[in-house]
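Participant: Structure provided below as structure tokens; questions to follow.
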Amino acid sequence: MTTADRIRRADRELTWRLTALRAPRLVTALRHVGTASRHTKLWVGAAAVQAALGGRPGRASAFSGLLSLGVTQVLCNALAKQAYDRDRPPRSLVRHGDIAGRPGSSSFPSGHVAAATAYTSAVALRQPAVGAALTVPAALVAVQRVQSGAHYGSDVLAGAVIGVLCTALTRRAPALLGGSGGPRRSLSRPGARGPWPRRRAG
């Protein structure tokens, strides 16, 4: 059995198990989280709360999270989903049978999970306590995408990896764009010498 075969088998088994979940309260919570995470509403809302209540650190953290989220959405929807067209899990694997309303786009990767991971990881780098709190809804989003029958487990994992990579990219972008050299000295400062020789008076 090849590695690809093992991944496909694990995907099918995880979908089969999670879509059979019968804990009413958990299923209801997952449904609410899934609804809130559509179109990144959950994370935009979190950013609004941070900006309103968190002072300057909260605003900086929210900005970092939204920046990473925006880059992730472009990478997932405009590039990854266009490059790899994967079907959603078939009805035969989704044991609760409710597959109405699933997106028509490629199953790979999960954009919902990529957005959740991008925002949460970016916030955690600036405000670890807030980031730790956000891991709870982010984890629920990951579970919900498989439990709802919208994604395979490997789609979720790929989305999480993309989210983390986009956070690393946006964090490193200023240094990469600015180059490795230090700040240049201004020639307008008193005593600064230019490349030409000074003329002596007299």
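Participant: Mind listing the long-range amide H neighbours of Phe108? Cut-off is under 5 Å, sequence gap 5 or more, other chains count too, H placed in the peptide plane at 1.01 Å from N.
Facilitator: Arg86
Participant: Once the convex hull of the alpha carbons of the range 5-100 is built, what does its volume come to per residue, in cubic angstrom?
Facilitator: 143
Participant: So if I place +1 on the C-beta of Lys and Arg and -1 on the C-beta of Asp and Glu, and nothing else carries charge, what would the dipole magnitude of the chain be about its Cα centre? I want it in debye, nearest 20.
Facilitator: I would put it at about 1100 debye.
Participant: Then there's this: Determine the calculated [θ] at 222 nm for the chain from helices alone, applying -39500 (n - 2.57) to every DSSP H run no shorter than 4 residues and normalising by the residue count; nearest 500 deg cm²/dmol.
Facilitator: Using -39500 (n - 2.57) per qualifying helix, the result is -20500 deg cm²/dmol.
Participant: When ranked by the protection proxy of mean other Cβ atoms within 10 Å per residue, highest first, what sequence do the peptides 27-40, 95-108, 67-80 form?
Facilitator: In descending order of packing, they fall as 67-80, 27-40, 95-108.
Participant: Taking θ = phi - 60°, what integer Hz values does the Karplus form 6.51 cos²θ - 1.76 cosθ + 1.60 yield along the range 94-103, in sequence order, with x for Gly and Pro?
Facilitator: Per residue, the Karplus-derived 3J(HN,Hα) values read 8, 6, 7, x, 8, 10, 5, x, 5, x Hz.
Participant: Could you identify which residue out of Arg126, Arg25, Arg145 has the top mean-square fluctuation in a GNM of the chain using Cα springs shorter than 10 Å?
Facilitator: Of Arg126, Arg25, Arg145, the Gaussian network model singles out Arg25 as fluctuating most.
Participant: Shifting gears a bit: How many percent of the alpha carbon pairs in the chain exceed a separation of 28 Å?
Facilitator: Here the long-distance tail beyond 28 Å is 40 percent of all Cα pairs in the chain.
Laboratory data are not the source of any read-out in this text; all were calculated from the coordinates shown. All values reported here derive from a predicted model rather than from experimental measurement. With ideal geometry, Cβ positions are generated from the backbone for all residues, glycine too; neighbour counts draw on all protein chains shown.
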